[in-house]
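To keep things clear, I will list the structure first and then write my remarks on it.
The values are calculated or read from the model by the stated rules, or taken from the named source; none is laboratory data. None of these values were measured; they are calculated from a predicted model. Counting neighbours? That spans all protein chains shown, and the Cβs are built from the backbone with ideal geometry, glycine included. Only protein heavy atoms, including side chains, enter the accessible area calculation; ligands, DNA and RNA are left aside. Shrake-Rupley method; radii C 1.70, N 1.55, O 1.52, S 1.80 Å.
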Amino acid sequence: MGDAPLPPALTDLTVPGYDVLRELPGARSFTPKQVRRWVLERGVRDVDAMTDLGKELRARLGEAWRVRRGALDRVHESRDGTTGILTRLDDGRLIESVSIPDEDRRTLCISSQVGCAVACRFCASGLEGVERNLTSGEIVEQVLVARELAPDRPLTNYVFMGSGEPTHNLKEVRKAIAVMNDPAGLGIGARRITVSTVGHPEALARLAEDEVPFHIALSLHAPDDASREELMPGLGPSRLEETLREARARFEKTGRRLTAEVVVLGGVNDTDEVARGFASLLSGLNVVVNLIPWNPVPDIDLAPPDPRRVEAMADLLRARGVTTTVRRPRGRDVGVACGQLRRHAASRRPRD
Ligand code: SAH
């Protein structure tokens with residue numbers, strides 16, 4: 001293979017970043033805006049599709065830039081309407097996004113890394129560690145691909161709940177969110193974007209600097225530091241108190257209610273005692289607890305909880321004044337739940 005480096009991708013630009021295109025030979029003052037609209041609004045994959053650019057300018061643009069970094073590899077439709085979308089990156093790696101319908105909503109679950117370093121004991125994404133961070137373009141492209149796959153089923157919500165820990169790739173995730181949120185970018189309202197994170201306090205503080213008041217979901221899983229460190233071996237020291245202090249500060253700044261996620265594992269964290277622990281940890285915070293019954297993952301020797309246990313925990317939390325929801329499992333029949341599609345695909349068919 002000739003190893004000439006690939007040109008940079010337009011999807012990696014910030015919205016103001018498109019201004020560099022003014023420097024192309026033959027570019028006009030409005031060229032950046034024209035190109036940006038082709039890439040982000042009309043979702044073209046090829047410079048040649050940008051028909052309102054002169055032929056010469058298109059040639060110059062095509063020499064210096066690619067449109068995208070990845071390409072759709074495969075789509076899996078689940079019976080419940082959940083769609084798993086696999087993208088092949090330009091280094092051959094695969095990432096997955098999942099589009100999940102729910103009544104009048106359709107949520108896109110976005111990956112931020114290939115793999116994950118936190119390696120939560122119950123999660124498929126971290127089984128092989130982290131391979132690399134995604135660029136902002138690779139994150140933005142997940143939205144573009146999902147939009148073009150189902151133009152008649154518009155996405156309403158965007159959650160960073162695919163593979164990866166978003167705060168381990170904070171720079172690119174923040175850049176991608178800025179492009180997603182900008183009215184001249186993808187035009188997605190901040191309240192439709194959720195970043196799910198293990199909640200390192202420093203990272204929460206940096207996220208609070210962003211002008212974009214997106215939602216934060218904290219993956220707690222256990223109400224005390226020692227049990228969290230046990231369940232999340234790559235987390236490092238758990239500092240729940242500081243995490244919640246930062247979360248409260250952000251709430252005061254943005255008014256965005258916090259979500260606390262708890263993956264419930266049978267015989268591990270499904271007891272009334274754990275629920276009481278969460279009730280006292282979270283008392284006084286404006287928070288919704290989301291109890292997530294564990295989705296079984298092949299090769300992980302854990303058990304899903306008895307649904308009656310999950311309901312008992314929810315009842316206990318609600319009785320103590322904590323708003324609590326229980327998540328329904330989705331996409332299980334084709335194994336697209338929680339990072340499973342990528343692994344499945346990788347083990348079934350290395351590359352062809
Ligand atoms: N790294 C981020 C975002 C990725 S996962 C985080 O930890 O928040 C999004 C949510 O799905 C997290 O709460 C995660 O714990 C949960 N999750 C991962 N694997 C799961 C599984 N097999 N069943 C149910 N929830 C799972």
The range 92-138: strands (runs of 3 or more DSSP E) wholly inside it with 1 or more residues that are surrounded by fewer than 20 Cβ atoms within 10 Å (Cβ to Cβ) are 94-102, 105-109, 130-133
Can you find a residue in the range 280-299 that is in a helix (DSSP H, G or I) and surrounded by 18 or more Cβ atoms within 10 Å (Cβ to Cβ)? yes
Which residues, taken from the range 207-218, are within 16 Å of the ligand (Cβ to nearest atom) and free of Cβ contacts under 8 Å to residues at least 60 places away in the same chain? LEU207, PHE214, HIS215, ILE216, LEU218
It is to be established whether one or more residues within the range 304-326 are under 18 Å from LEU204 (Cβ atoms) and either away from the ligand (no atom under 13 Å from the Cβ) or polar (S, T, N, Q) (or both). no
May I ask you to list the residues in the range 210-226 that are touching a helix residue (DSSP H, G or I) at 6+ places or on another chain (Cβ under 8 Å) and either in a loop (DSSP other than H, G, I, E, B) or hydroxyl-bearing (Ser, Thr, Tyr) (or both)? ASP210, VAL212, PRO213, PHE214, LEU220, HIS221, ALA222, PRO223, ASP224
Are there any pairs, at least 6 apart or on different chains, whose C-beta atoms fall under 9 Å, with the first in the range 151-178 and in the same structural domain as LEU40 (by TED's automatic domain parsing) and the second open to solvent by 30 Å² or more (accessible area, probe 1.4 Å) and more than 10 Å from the ligand (Cβ to nearest atom), and if so, which? none
The range 235-247: number of residues that are in contact (Cβ under 8 Å) with a residue 12 or more places away in the chain and open to solvent by 30 Å² or more (accessible area, probe 1.4 Å): 6
Lone qualifier among ALA275, ALA319, ALA249, ALA314 - being assigned by TED's automatic domain parsing to the domain that holds ILE110, closer than 30 Å to GLY189 by Cβ and at pLDDT 95 or above: ALA314
Identify all residues within the range 243-258 that are more than 17 Å from GLU209 (Cβ to Cβ) and either touching a strand residue (DSSP E or B) at 6+ places or on another chain (Cβ under 6 Å) or of a type in the set (Asp, Glu) (or both); write none if there are none. LEU258
Checking the condition surrounded by 15 or more Cβ atoms within 10 Å (Cβ to Cβ) and not assigned by TED's automatic domain parsing to the domain that holds ARG106, which residue from THR31, THR87, THR83 passes? THR31
